[in-house]
1. Please give the number of the condition D78 fails out of (1) out of contact with any Cys (no Cβ under 7 Å at 6 or more places or on another chain); (2) under 23 Å from K97 (Cα atoms).
2. Cβ-Cβ below 7 Å, separation at least six or inter-chain, first residue in the stretch 78-95 and touching a residue at least 40 places away in the same chain (Cβ under 8 Å), second outside any helix (DSSP H, G or I) and of a type in the set (D, E): which pairs?
Amino acid sequence: MPCEEESIVREWLDHLKDLRVEAKKRFGCWCLYCDGQAVGWIHDSVLSLREVGLTYLPPDIHRPDKDDSIQELVIPFDHVTANWLPRAVQDTADRRKKGQKK
C-alpha cells in the first residue's frame with residue numbers, strides 16, 4: 001500500500017478510535033468494518049458509508065436516490081474530524097446488525 005494511502009486510512013481510523021473499527025484491503029479499496037459489520041469503503045481519501053437512513057448528517061453529505069444502485073453516502077476527507085462521524089459509523093453498524101436479524 002502506498003504511504004499516502006496508508007496515512008489517509010490511518011487518519012480515518014484514528015478519528016474513529018473509540019469504536020471497534022478496522023479496515024481491510026478489498027477490491028482495490030479499504031473496507032471499513034465496525035463491530036464486525038461492513039459499514040463502508042475508504043478510497044481516494046473519501047469514506048463511502050452505507051446508507052441506512054441516518055437523519056442527523058449535515059446537508060452537504062450527498063444522499064443517493066432510492067433507485068440508485070449504490071446506496072452509500074460520500075463523506076469527503078474534510079469531515080474526518082467531524083463530531084458526528086463516530087456516531088454515524090456506529091449507528092450504521094447497529095442498523096446493519098438489526099437488518100440481518102429480521
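1. All conditions are met except number (2).
2. Partner pairs satisfying both residue conditions: P86/D18; A93/D35.
Listed here are the residues, each with its yes/no results for (1) among the hydrophobic types (A, V, I, L, M, F, W, C); (2) over 23 Å from V9 (Cα atoms).
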| position | (1), (2) |
| --- | --- |
| D67 | no, yes |
| E72 | no, no |
| H79 | no, no |
| A88 | yes, no |
| G99 | no, yes |
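Read the figures in this text as sums done on the coordinates, not as results from a lab. Just so it is clear, the structure is predicted and the values come from calculations on it, not from any experiment. Please note: Cβ atoms are built from the backbone with ideal geometry, for glycine as well, and neighbour counts cover all protein chains shown.
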